[in-house]
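As structure tokens, the structure follows; a few thoughts come after it.
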Amino acid sequence: MTLSSSQFMSMPLKGNLEEYFNIFIFMAVAFGISLFLVLLSFWRGPKRPDAEKLSAYECGFEAFSDARLKFDVRFYLVAILFIIFDLEIAFLFPWAVSLKSIGLFGFFSMLLFLGTLGIGFVYEWRKGALEWE
Amino acid sequence: MGGAYLPDLTLVLPEGILVVTAFLILMTGVFRKSTNPQVQQRFGHVALSGLIVALGALIFYHHPAERWISFEGQLLQDDFVYLGKILILSGSAAVVGISLASMLKEHLLSFEYCALILLATVGMLLMVGANDFLSLFMGLEIQSLSLYVLVALKRDQTIASEAALKYFVLGALATCFYLYGASLMYGFSGSTNFEAIATIIRMESAGNFPLSLFMSLIFIMASFSFKISAVPFHMWTPDVYQGSPTPITAFIAATPKIAAMLVFLRLMLEPFMTLYDEWQSLVAFLSLFSMVLGAFAALRQTDLKRLLAYSAIGQMGYMLLGVVAGTDEGIQAVLIYLTLYLVMIIGTFACLLCLRGKGSYGVQNIEDLAGISTLHPKVSFALAIFMFSLAGIPPLGGFFAKLYIFKAALSAGFFGLAIAGALASVVAAYYYLKIVKVMYFDDAPKVPSASYGQIVVLPLKMALILNACALVTLLFFVFPNPILEIVQRAAFTFSG
């Protein structure tokens, strides 16, 4: 049975929520169990804190330091190179799906695009942009 | 199945040739890994021949007096685009020709430079040939991204990286303006195609245009005013001109300005022509302030490239005066001005690139030219011609360019603007003539600075281009017909 939106809105609230009672019980149990486990580890777990464990986790950096720190430009390089090929994948999906209707011209257009990207890739490779040291 | 569909690829043959050449240069360059100057120079020659072959392909495959559309209305070529592409290709080729020796001297010549010049040229060709806001965006971005890298070529120099950063940040902002304007236009009309938009705006009743249309117009105008460096979007120009290496400045001053101006002209006259009453006062504002600021701000400059930057702002103001007129005569005047401007600016930079100081610097300050007329009479004579022409002294080319512009403005009824322009050109004449005065009447310094123009590097290509530019500027009034004819045909695209 399907309801139109106007019918749905005019239904009494009580009848609508009753169907979710099982889910409510499920959520309450899940919340209770996870709370119990967290508290258990707080209560019984061994605590040997050190500076590294207490600091906020951040990939590769000191969490708190001067904002004007020297920053290795290679991070940017890798990020930019990653973005290019990530976007290429995003571009390949719609092309693959619609390949049937765009025909040979669409197929070769994409090959041309991939070839162009390939030339860029060969260039960055030979230039040594992919080597960390 | 749309398998049978294949666009007319001969339309993009020049662009294709340039892209293939650029890729060829990139791949051979990166695999040879040579720092040998002769090898680098060979890359320059390959780039130069690529540009010339592309020019040949353009001329050979052109369909005169026809609206040649391909790629489902994304790209077109008519006589207007044809003229623009000829100017861009020959301008880029000339800049490569005059810059190779100087780039080599400054240890800046690399295969990347050649590839980037070619790719920037491809971007400009696509910009001028665009018939759709999306293909225009693509061309604009290919061109600007290549230019950002070119400006940053001397990246370990503070002034160069500052210029590059300024150019990049402001350029990205202008691109955002463009995109915002284009998306508003799509929201208004449901199309990104110029012709479709022109038709839809024409159907709208006059005086009842929605706000989104105005916003779109203003955003797009702002972004292209940035590209042609019209006041109040000119702030980047002096810094970028000064900061980038002189050969790169020559490139930025010449062809991208031409491409952006042509696109501005097409946008105003095709999709936005119905809104003439609305944009005319805005363009008049841009024009007036560019002319006045270009004249006054350059007066106190001591750096030659900064001076040329303000001069470019002023010259763009004169061209915009022709756009304001909006008549067939005005379009012709703008195109004549653009052609002669390209010739004059390439000639000026060729002169500056010839002269080198002892410290392997190019000339930087106006004083570096003091008394060089006795050392290098030919080069200083050529530079004097270009300065007189830029100032608009008869009977040189620059005078006629201004004459056509003022005539068009007067016959369209813009008396105040034309008078302001004439007065501004009188003020501007001061600094152009000052350069001539420094060259001919000042004494050479006893102890020349490191950048004092002494050693002349005048290879054959440079001499050829310099002479050609000087001859066109000198003899335009004797043989104006070749330029006038092609310009008339180009302007007929809009009126016919």
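Yes/no per residue for (1) of a type in the set (Asp, Glu); (2) closer than 29 Å to residue B:194 by Cβ:
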{"residue": "B:18", "(1), (2)": "no, yes"}
{"residue": "B:30", "(1), (2)": "no, no"}
{"residue": "B:38", "(1), (2)": "no, no"}
{"residue": "B:51", "(1), (2)": "no, yes"}
{"residue": "B:59", "(1), (2)": "no, yes"}
{"residue": "B:68", "(1), (2)": "no, yes"}
{"residue": "B:78", "(1), (2)": "yes, yes"}
{"residue": "B:102", "(1), (2)": "no, no"}
{"residue": "B:105", "(1), (2)": "no, no"}
Just checking, which of B:9, B:51, B:76, B:58 is modelled with pLDDT of 90 or more and either within 13 Å of another protein chain (Cβ to nearest Cβ) or in contact with a Ser or Thr (Cβ under 6 Å, 6 or more places away or on another chain) (or both)? B:51
Give just the number: which of (1) of a type in the set (Val, Ile, Thr); (2) more than 30 Å from residue A:125 (Cβ to Cβ); (3) within 14 Å of another protein chain (Cβ to nearest Cβ) does residue B:25 not satisfy? (2)
Residue check, residue B:444 within 30 Å of residue B:292 (Cβ to Cβ) and hydrophobic (A, V, I, L, M, F, W, C): no
Is it true that residue B:271 is modelled with pLDDT under 95, in contact with a Lys or Arg (Cβ under 7 Å, 6 or more places away or on another chain) and either surrounded by 22 or more Cβ atoms within 10 Å (Cβ to Cβ) or outside the structural domain of residue B:413 (by TED's automatic domain parsing) (or both)? no
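Residues to consider are B:260, B:254, B:230; find the one that is modelled with pLDDT of 95 or more, touching a helix residue (DSSP H, G or I) at 6+ places or on another chain (Cβ under 7 Å) and buried (at least 23 other Cβ atoms within 10 Å of the Cβ). Spell out how you get there, then give the answer.
Details: B:254 fails: modelled with pLDDT of 95 or more; B:230 fails: modelled with pLDDT of 95 or more.
Within the list B:260, B:254, B:230, the selection yields B:260.
Would you mind stating whether residue B:241 is in contact with a Ser or Thr (Cβ under 6 Å, 6 or more places away or on another chain), closer than 30 Å to residue B:308 by Cα and in the same structural domain as residue B:85 (by TED's automatic domain parsing)?
Working: in contact with a Ser or Thr (Cβ under 6 Å, 6 or more places away or on another chain): yes; closer than 30 Å to residue B:308 by Cα: yes; in the same structural domain as residue B:85 (by TED's automatic domain parsing): yes.
So residue B:241 fits the description; yes.
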Reported set for the stretch B:77-133 where residues are of a type in the set (Lys, Arg) and under 16 Å from residue B:147 (Cβ atoms) is none
Assigned to a helix (DSSP H, G or I) and at pLDDT below 90 - does that describe any residue in the stretch B:450-460? yes
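Consider residue B:16 carefully, then state whether it is more than 14 Å from every other protein chain (Cβ to nearest Cβ) and within 15 Å of residue B:121 (Cα to Cα). Walk me through how you get there before you give the answer.
Working: more than 14 Å from every other protein chain (Cβ to nearest Cβ): no; within 15 Å of residue B:121 (Cα to Cα): yes.
Taking the combined requirement at face value, the residue does not satisfy it.
The values are calculated or read from the model by the stated rules, or taken from the named source; none is laboratory data. Since this is a predicted model, take the numbers as computed values, not measurements. Every residue, glycine as well, gets a Cβ built from its backbone with ideal geometry; the counts of neighbours run over all protein chains shown.
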